[in-house]
1. First compute the accessible area of the stretch 241-319 with a 1.4 Å probe, then give the percent of it belonging to carbon and sulfur atoms.
2. Which value, in Å² rounded to 10, gives the accessible area of THR525 with a 1.4 Å probe and all protein chains present?
3. For the stretch 457-579, what is the accessible area per residue in Å², given a 1.4 Å probe and the full set of protein chains?
4. What distance in nm lies between label points placed 7 Å from Cα along the C-beta direction at ARG555 and GLN136?
5. Using a 1.4 angstrom probe on the protein heavy atoms only, line up HIS536, HIS364 by accessible area, largest first.
6. Around ILE519, which amide H atoms from residues at least 5 apart in sequence, or from another chain, sit under 5 Å from its own amide H, with H modelled in the peptide plane?
7. Over what distance in Å are the Cα centres of the stretch 340-382 and the stretch 508-579 separated?
8. Which loop-located GluC sites (Glu not before Pro) does the stretch 479-552 contain, where loop means any DSSP state but H, G, I, E or B and the Cβ has at most 16 other Cβ atoms within 10 Å?
Amino acid sequence: QAVRKSGSDFLFPVIAQPIPASAIAGSLRRPAVGTANASKRSCLWGSDARRGLTILAASPPIWRPAVARPGSLVGGQLLLRRNYLESADYAISVKSMEDPLRVLQFMAEHPDSDTRTHEAALRALGRLTNLQNYQQVVEDGRFHAILGSLASRLDDCDARMLSMVADATARFRTSTPELGELAQRLAEVVVRREDAFNPRNLANVAIALAIRGVRDVATVEFIKAEALKLIDDLEPSHCVVLLEAFRRWGIFDRQLVDLVVERMSDEVDRFTARDVVDAFAVISRLGLARGFLLRRLCTLSFENLRQFTPRELTKMAYSLAKLRFLAQGNIDDLADALAPELHRLMGSQITELLYALAMADGRHQIELARSLVGQYVADKKARPIQSLRSLIDFAWAVLALDLVDEFPEEFKSALADIFERTPPQNRGPLMKLFDAICAIELQHQSLGITVPPVWRAACDDADRFEMDRLESSRLHNELVMRFDHLRGTANGTRWQLRMQRGMQCGPYRVDMLDEDSKICIDIETVSWPTSRKLKHRLLTELGYRPLRLEYWDWRRARTEEDQNIYLQREVTNLLEAQR
């Protein structure tokens with residue numbers, strides 16, 4: 001290294017003594033959640049460690065200059081050219097900046113910087129942009145120049161640099177034509193690098209291209225082929241990222257999914273807290289009913305709840321609730337673990353926990369639910385801009401927990417905020433809101449809530465599409481076949497049901513309906529975003545006899561005989577309970 005003497009054009013060498021890496025890493029390492037191999041190895045604690053490393057990477061390194069020995073200088077002085085500051089120094093300078101416009105100006109003044117500096121600038125811009133300055137940054141000509149310069153250099157990049165550039169492009173909130181062009185160019189280069197990527201780099205490239213919407217056949221097939229080659233080297237975090245990438249592409253490749261899930265099951269003891277939370281999240285979004293893996297991860301998690309942050313606990317509860325894998329006892333454990341930090345939850349963290357309570361029918365924790373409603377209302381006043389998903393989760397949970405009469409104004413305010421926005425493309429939130437709209441029309445007309453036609457149409461279409469999709473599923477076919485030959489006795493009377501699929505019951509469609517007995521059946525599948533309890537409460541008021549079949553109970557009935565016994569018991573209990 002060298003320092004410039006004041007007023008001089010020359011640099012004088014010094015002996016650089018960097019802080020030892022062990023001094024930094026020692027404070028950041030924490031054990032993995034699993035304890036089986038705890039004595040043999042140590043995993044970086046997902047979120048805290050990565051956040052710490054990000055901060056270190058964004059700050060200039062700390063040097064301890066020592067006095068140079070005169071004998072080490074040629075003629076007492078070593079003349080160096082003034083352009084000593086090159087790639088490493090430029091990259092560090094860019095990473096340390098806190099204003100995106102300053103980053104753009106720096107790169108405009110140094111257009112001949114190397115690829116590493118351009119990548120660092122793109123990453124810094126992704127980190128520094130927000131709702132207020134996003135459009136200003138992505139529409140700036142200097143930003144386009146950075147993207148163009150990177151695109152022209154991709155052919156000369158190695159696999160690691162390609163992975164870093166891909167990751168940097170994924171940091172931006174939404175795609176722009178220029179970001180899309182860079183991502184497409186990146187994909188064209190990546191598919192020519194067979195056997196060049198390690199598991200981490202491959203996962204980074206896959207998720208970045210998926211986020212930027214690059215999903216041509218050649219790219220997807222390349223990622224799949226490389227992942228299959230590296231399957232035995234994938235770590236839990238790599239498995240999670242690959243599953244999420246294919247989910248975003250809208251591709252379910254059973255061979256790849258089976259191998260990745262098997263790999264995750266084999267590596268359970270290597271999961272960090274962040275890996276566990278991310279795994280639950282992607283499995284719930286995919287609707288993967290992999291009971292063996294879920295049981296192992298749940299056992300691992302609930303034995304180590306104190307190792308999770310409050311944010312991670314709420315995300316875990318949210319995902320497990322969607323998977324119908326959250327028992328009421330689990331709710332109590334989560335509530336105890338969150339109690340000391342409950343007041344720190346904000347926005348979507350509050351509504352995720354509230355949604356989990358509603359999905360698991362956590363009426364025994366109704367005081368916690370009331371507290372969360374009040375906390376969310378206070379947070380909404382302090383930070384008026386809430387995400388659409390959190391608003392819809394709040395509205396549905398308040399209805400499902402039967403708290404509307406206690407918080408009518410808060411409920412109406414949340415719906416007003418929802419209806420001010422444009423309906424999303426994602427069917428999940430629309431299906432939740434469909435339940436809420438039906439409940440408002442049947443139970444809460446006195447609130448005077450008017451549903452805009454555009455929202456009503458979007459919610460109806462989402463519900464209809466999903467019902468049509470599930471109607472022909474293997475699970476529904478199995479149930480219809482069992483009911484065709486199912487008979488039983490209730491209250492001394494023989495019964496036999498003639499089930500019809502996808503029938504209309506009031507404002508709802510149900511999976512199956514027997515018109516003579518008015519028994520309507522819905523299956524609590526892991527892919528449906530809401531519990532059917534709210535729906536069935538309203539159907540009961542309309543004179544129907546609703547029956548919910550739990551997905552995991554049905555899975556435990558492995559033979560035809562077990563399935564017949566299970567259905568016969570459920571129908572008989574329903575008929576005898578409603579004498």
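The values are calculated or read from the model by the stated rules, or taken from the named source; none is laboratory data. Here the structure is a predicted model, which means the values were calculated and not measured. No Cβ is skipped: glycine too gets one built from the backbone with ideal geometry, and neighbour counts run over all protein chains shown. Note: areas computed on protein heavy atoms with side chains; ligands, DNA, RNA excluded. Shrake-Rupley method; radii C 1.70, N 1.55, O 1.52, S 1.80 Å.
1. Values: 1330 of 3010 Å².
Its accessible area is 44 percent carbon and sulfur atoms.
2. Around 10 Å² of this residue is reachable by solvent.
3. Details: 6140 Å² over 123 residues.
Ligands and nucleic acids excluded, the result is 50 Å² per residue.
4. Reported label-point gap for ARG555 and GLN136 is 5.0 nm.
5. Numbers: HIS536 15, HIS364 95 Å².
Accessible-area ranking of HIS536, HIS364, largest first: HIS364, HIS536.
6. Residues meeting the amide H criterion: ASP514, ARG545.
7. 29
8. On the way: sites: GLU515, GLU524, GLU541, GLU550; in loops: GLU515.
Answer in residue order: GLU515.
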